[in-house]
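None of the figures in this text is laboratory data; all of them are computed from the coordinates on show. What you see is a predicted model, and the numbers here were worked out from it, not measured in a lab. Neighbour counts are summed over all protein chains in view; Cβ atoms, including those assigned to glycine, are modelled from backbone coordinates with ideal geometry.
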Amino acid sequence: MADVTWDEIRNLRADFLNLQLTETANKLSERNCVELIGLLVKEGLLNVIYTTDGKDIITEQRLIREILDEIYANGGRINIVDLAQHLRIDLTYIEGKIGDVCKEDPTLQFTLGQFISADYTNRLVEEINDMLVERGLIPFSELIRQFDLPTEYLNSIVTNRIIGSTLNGIKFESGTLYTENYVRLQQNILIGCLQAAFLPVRVNEIIKTTRVNENLIQSLIVNLIRDNRINGNLLGTTKENSIFYPKVYTDAQAKYIESFFTQNGYIEYSLVRNLGVNDPEGQTKLVLKDRKQILFLISGCIDLLKFLPQLEMNIEQGLVTNEYVDITTLMPNSFNENDIEKLFKTELSLKELIKSSGGELISNTFILAKELQDKIDKKLNGICQEYAEKESAQCTPQMYAAVLQGNIALASASSKGATTKKPVAAAGKRKGASKVVEESNSNQETIPFVSKDEIKSQIRSINEEVPDEIIDLLTDNLYNIKSRQYLDLFVQRVKESFVLKDSETSNDTTRKSEIKNVQESIKQLHGNICIFSRAIEHLTTENETALAETLQRHLIRSLCADMCDNIIRELDTSASSKTGQLSIEERNKIIQKMSEPNRSHLSKVNESLNGKNVETTLSRLEDAANELLQLSLKRPTKKNEKDLTLDIREKLKAKLTDEQDPAMILHLAITLLFYGIHAGRFVHAPGKAVPSLIKYLSKSLPNNINQRLQEMQEYVIQQSTTGTSSAQLSNEKIEFIKKLGLNAKENMSLTALANDAHES
């Protein structure tokens, strides 16, 4: 074969062609044809494709023609898998010729494995249009199922060929194709249905009754309302929860609401809700938006111009005739205590009415007349006086001692005769006095008092028509008040009886001595406050703001408060009966009873005791002492300051020497260490400030000293929180802390301290 020339092949081809054209019985054998074709393919002169069974061959051009024929034979649409089976050609050859086939016939489209011709598309468009004309509405999903076409292709046909066609009025919304005539028909059905409605109707019921398309009904109703073709409102976002309210119905609702409100001066939201309104408050506000002087409460609204005067008149009449008023009976049925509370908070005229008449509002429900209050108060005051006189007459020296210590409480007899402590204690009790607890305390003196049931009986005997609810409320309020009043009265009577005995033997010298003692106490407190304030100023300059504020508050509430109490007791002998430090409320009560200028000066002092500035408080105390007691208080000179500092140091050392409590040992030692490190300045600190002081002093102390202080602090904290300590601190370490405080002095040697700690 290598010797065969091109001329020979060309001659052989010509002979083969002549044989085909010659009408003769002489033909090449199958074997010759196979050899000939094989030779042409080998030389690259011919490209052929074998069928899948290998029996036939076909050229590429012929394959393209066969593909086109199959497309047209199948109505203009065929899948390439089916095409390969029909032609008995491998699928890869078919896929390779897709582009050539589309070039051969530009009207063809190849979409998702299918050839689709323009004729098929035209027929498809005509068929869909015919269906729309006949039915008016076709779901897009139905087209996909019916024609078994790819969604993207079918969507492009619908968008470009049907909606954009000359056939006007076709819309594609919510996955549905429909014509304008169909929409018009649906609208007419809805207009007929909804114009006849005079009650609210659910959209679901409309669908069941009229069979309007459920996908269109929501938008159709909205459009009809917008175009004023039907009158009403559609509330809801989906067909399941949407309700159509006819205008005639909403107008009737609004008319009823306005009429009821005009006639009665109020309207309840529960009544509006019964009219079928889902948002009664919003609907009421909408209907009454042009009205003025309306107060919207929780359960309804009221006309202040009409309802309020009537309410005020009823309250006045009720207080005159019944000595009490149940406000709930004067309000609409559904209005509750919260509505009454809001009404009284908003309308100050009601409060002024009650105040001017001397009434008292109880639990936002009842108003008690002044006459009834006076009767009850007089009755219970008489009981307190009777019990106080009786019990004070039997007072023993032990009881008197308990009174002075504030270690006294009330006891009520139980059904079995046992006594249980009531949580009421004498006002102004001193530090260290026993707290009033539920359990019995053998060290605490108790005095009897009436029970709540007895108080109820006394109130009921005054006015038997008073409801039990009012009596219960009054009993709960008055029992605690009268218990404290009785206890204070008893304490006063006991002190008066003993003071009277002492006063019979006393003379003017004693009074002068007392005045002198008080003045000396005030001077000493003033000097100490000045000394302690120097340490606060020092901390402020070193940006220890938080610690300085803590010390300021403690200094004001302790020494400054004590100084104020001494001034008050010197001016008002009634305050002397109150032991211990007075509260701000107690001071204010005593001060308000004083005359000017005492009241003005002491009110300023009492106000500053609740502040955070020592200098302001101290200045007001100095002014009060100077103006009211003619006691001139001057700030200490350097010499006086030195003497005061040494006096404080010696007192602290004496206290530290005898102290056994680890917490107090640490507290006193830190106070003295601060004095030794910071140029003789003393701090007056609460227990909670000790950790902050340790942290502050750690900057100036050696590490081994800081370690000892930290161990002691952890031990004290653990002991105070749990009552016990898992790790016992040795006596040597506790004694070392005590020694630190006792050896503290100005400009002390920190090196010596460190050596002592190392040796310990």
Per the 1/(1 + (r/R0)^6) rule, R0 = 60 Å and r from the Cβ atoms of GLU549 and ALA401, FRET efficiency to 0.05 is 0.90
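So which of LYS351/LYS456; LYS495/LYS593; LYS208/LYS255; LYS456/LYS589; LYS638/LYS745; LYS355/LYS379 end up more than 24 Å apart by C-alpha? Walk me through the intermediate numbers first.
Numbers: LYS351/LYS456 27 Å; LYS495/LYS593 21 Å; LYS208/LYS255 32 Å; LYS456/LYS589 29 Å; LYS638/LYS745 17 Å; LYS355/LYS379 22 Å.
Listed pairs above 24 Å: LYS351/LYS456; LYS208/LYS255; LYS456/LYS589.
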Diffusion coefficient in µm²/s returned for the range 1-157 by Stokes-Einstein, Kirkwood Rh over C-alpha pairs, 25 °C and 0.890 mPa s, is 128 µm²/s
In this structure, the FRET efficiency calculated for SER595 and GLU627 from their beta-carbon separation, with R0 = 22 Å, to the nearest 0.05, is 0.95
One point scatterer per Cα, no solvent, Debye formula: log10 I(q)/I(0) for the range 580-665 at q = 0.13 Å⁻¹ comes out as -0.66
Expressed as a percent, the portion of alpha-carbon pairs in the range 354-400 spaced more than 12 Å apart is 70 percent
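May I ask you to derive the relative contact order of the chain, considering only C-alpha pairs under 8 Å and at least 6 residues apart, and to give it as an integer percent? Don't skip to the end; give the middle numbers.
Details: 800 pairs, mean separation 41.0, N = 760.
That works out to 5 percent.
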Each label sits 7 Å from Cα toward the beta-carbon; between ALA197 and ILE584 the label points are separated, in nm, by 6.3 nm
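Under the √(5λ) rule applied to the eigenvalues of the Cα gyration tensor, what semi-axes describe the equivalent ellipsoid of the range 317-420? Give them in Å, descending. Working shown, then result.
Values: eigenvalues 347, 56, 41 Å².
Largest first, the range 317-420 gives 42, 17, 14 Å.
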The range 117-264: spread of alpha-carbon positions along the three principal axes, whole Å, largest first, is 79, 25, 23
The range 253-279 scanned against label point 7 Å out from SER334 along Cα→C-beta; backbone N under 14 Å for 257-258, 260-261, 266-279
Going through LYS651/LYS688; LYS342/LYS578; LYS634/LYS699; LYS578/LYS655; LYS688/LYS739; LYS452/LYS578 one by one, the pairs whose alpha carbons sit over 32 Å apart turn out to be LYS342/LYS578; LYS634/LYS699
If one compares the long axis through the Cα atoms of helix 545-555 with the longest principal axis of the Cα atoms of the chain, the angle in degrees, nearest 10, works out at 30 degrees
Treating every alpha carbon of the chain as one equal point scatterer without solvent, the Debye formula yields log10 I(q)/I(0) values at q = 0.10, 0.11 Å⁻¹ of -1.18, -1.28
Listed by chain and number, the residues whose amide H is under 5 Å from that of ILE170, excluding neighbours fewer than 5 places away on the same chain and using placed H, are GLU180
When THR579, THR329 are arranged by how many other beta-carbons sit within 10 Å of their Cβ, fewest first, they go THR329, THR579
Calc'd 3J(HN,Hα), the range 481-496, phi into Karplus 6.51 cos²θ - 1.76 cosθ + 1.60 (θ = phi - 60°), Hz, glycine/Pro = x, comes to 5, 6, 4, 5, 4, 5, 5, 5, 5, 4, 4, 4, 4, 4, 5, 4
Cα-based Rg and Dmax for the range 509-636, in Å, come out at 14.8, 51
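Ignoring everything except DSSP H segments at least 4 long, calculate the 222 nm mean residue ellipticity for the chain; use -39,500 (n - 2.57) per segment, divide by total residues, nearest 500.
Numbers: 34 runs with 458 residues, N = 760.
About -19500 deg cm²/dmol.
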When HIS678, HIS526, HIS86 are ranked with the fewest other C-beta atoms within 10 Å first, the list becomes HIS86, HIS678, HIS526
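Please arrange ARG587, ARG534, ARG635 by counting, for each residue, the other beta carbons lying within 10 Å of its beta carbon, fewest first. Numbers along the way, then the final one.
Details: ARG587 22, ARG534 18, ARG635 12.
Fewest-to-most ranking of ARG587, ARG534, ARG635: ARG635, ARG534, ARG587.
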Over the Cα atoms of the range 265-368 the radius of gyration and the largest Cα-Cα distance (Dmax), both in Å, equal 14.4, 45
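In percent, what relative contact order does the range 117-264 have, based on Cα pairs under 8 Å that are 6 or more apart in sequence? Write down the numbers at each step before the final one.
Values: 138 pairs, mean separation 26.5, N = 148.
In percent, rounded to a whole number, it is 18.
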With x for Gly and Pro, the residue-by-residue ³J(HN,Hα) of the range 186-203, computed from phi through the Karplus equation 6.51 cos²θ - 1.76 cosθ + 1.60 at θ = phi - 60° and given in whole Hz, is 4, 4, 5, 5, 5, 4, x, 6, 7, 5, 7, 7, 10, 10, x, 9, 7, 4
